[in-house]
Structures are given as C-alpha cells and as structure tokens.
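What follows is calculated from the coordinates using simple rules that are stated; it is not laboratory data. Only a predicted model underlies this, so the values are computations on that prediction, with no experimental measurement involved. Note that we place each Cβ from the backbone using ideal geometry, even for glycine, and neighbour counts take in every protein chain shown.
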Amino acid sequence: MPLAAALAATLFVAAAVSAQTRPPRAASGSAGRTAASATPSPAAKAAAAEYAQRFATVCAACHGANGRSDMPGTPVLAGQHSYYAVTQLFLFREGRRGNPAMTAVAKGFTDADLRGFSDHIGTLPPVPPPPASAPDAARMKQGQALAQQHKCAFCHGADLAGGQQVPRIGGQREEYLREALQGFKSGQRVGYTLAMSEAVSQVPPADLDVLAYYASRVPVAGR
C-alpha cells in the first residue's frame, strides 16, 4: 500500500476505534443537554477508574503519575488530547511509529484499551514545567518569529495547546520536541498525515532547534 494511503487508513481506523468505544452522543435540544450533564453511568465510572489504575501501573514510571515526565526524551502527556493520544497509541500498536519500548507496551492493547488509556490521558490537566532559569529573551523572540513564519499556530493554536488530533506542544519537553521535529524532517517520524513532514521539510535544522526551545517554554495554557 502506498505511504499516503497507509497513513490515511491509519487515521480512519484510529477514528473508528474512537467512535466505536465512545458512548453514543446525546440528543440535541434540552433533552440532549440534560443527558450530557447527567452523572456518568456506573460502568463508565468503573472503566475510568480501571484505566486510571492501569495508567499508574503501566505508564507512570516513564510518563509521570500526573503525566509530566521527568525522563529525558519521554513526552509530557499532561494536557494532551485524547483523540491525538488514541491515534498515537494505534500507530505504536501497529508498529507504524518507531519506538520499540512503546510498541512493546501497546502491541497487546485491544481497541477498548486504546480508548481507555487515551480517555484517561485526556483527563490529565496541563502541568507546567518545574521552575528554571528565565528563558533567553532573544531566542524566545526568534522562536516566536519562526513559529509565525512557519504558521505553527494555524494548527497548534496561538498558545500551542493544540486540539483534537493536533498535539499540545506548548510546555512539552525541549529534547523531545527537537527529536520529533528532526524526525519529521528526515522522514524517520511517520505521522498520521504528511502535514508535519511537509511543514518542516524546508526548515533549517538550526531553526528546528530554536522552535523546540521556544515551544517548550511557552506558558502552559489550560484546556
């Protein structure tokens, strides 16, 4: 299967996983609003509790109990979006995203597991990085200019908080962002679309480093 078709199929299947394992959407109108505001069912509460516990057991050692990883190269999950998370877990499970550790973890996941873990990730509030020295003002200004030049905010938002299938990158670990950007540029990192590879294809490596520096230090916004 051609790469573009494979990536399109990946996004379609991940969306199907999300839809098949999500409760039906409430009806429109006042009845829908009443249903949407109703207390979650006992089964939904039990599932949420189960995956919170499984996250603590399976994921927290690397990604942190609150989703803010202290391990270099390990992404922050706090504040990440469930739709983005389920797609990435699907890519890991299918071996389409190169990370042996994550593929080993995800290869036994059912579709319900993909949704359960991603739903839990979607509940984790954003966590700012620990206090550090003040950012280099000149480098931050350069990074902001590069983000504007390359239209990062068009997909990731002005605060780089992302949304839906677009990841939050504001406040993400710098070395993780740098590796991801370099991977997209080299073609080693395969996304579920070609958007990022195309976006960074003409960006010099030094500018990618500045963008990673800038995005990692953008103040963390709420959901």
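In table form, for the structure just shown:
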quantity	calculated
Pair Glu174, Ala195: separation of 7 Å Cα→Cβ label points (nm)	2.7 nm
Distance (nanometres) between label positions extended 7 Å along Cα→Cβ at Ala101 and Asp136	2.7 nm
Neighbourhood net charge (13 Å Cβ-Cβ; Lys/Arg +1, Asp/Glu -1) for Val127	+3
Local net charge near Ala78, Cβ-Cβ under 13 Å (Lys/Arg +1, Asp/Glu -1)	+3
³J(HN,Hα) computed for each position of segment 126-136 - Karplus, 6.51 cos²θ - 1.76 cosθ + 1.60, integer Hz, glycine/proline x	x, 10, x, x, x, x, 9, 5, 4, x, 5
Environment charge of Arg93, counting only residues whose C-beta is closer than 13 Å and scoring Lys/Arg +1, Asp/Glu -1	+1
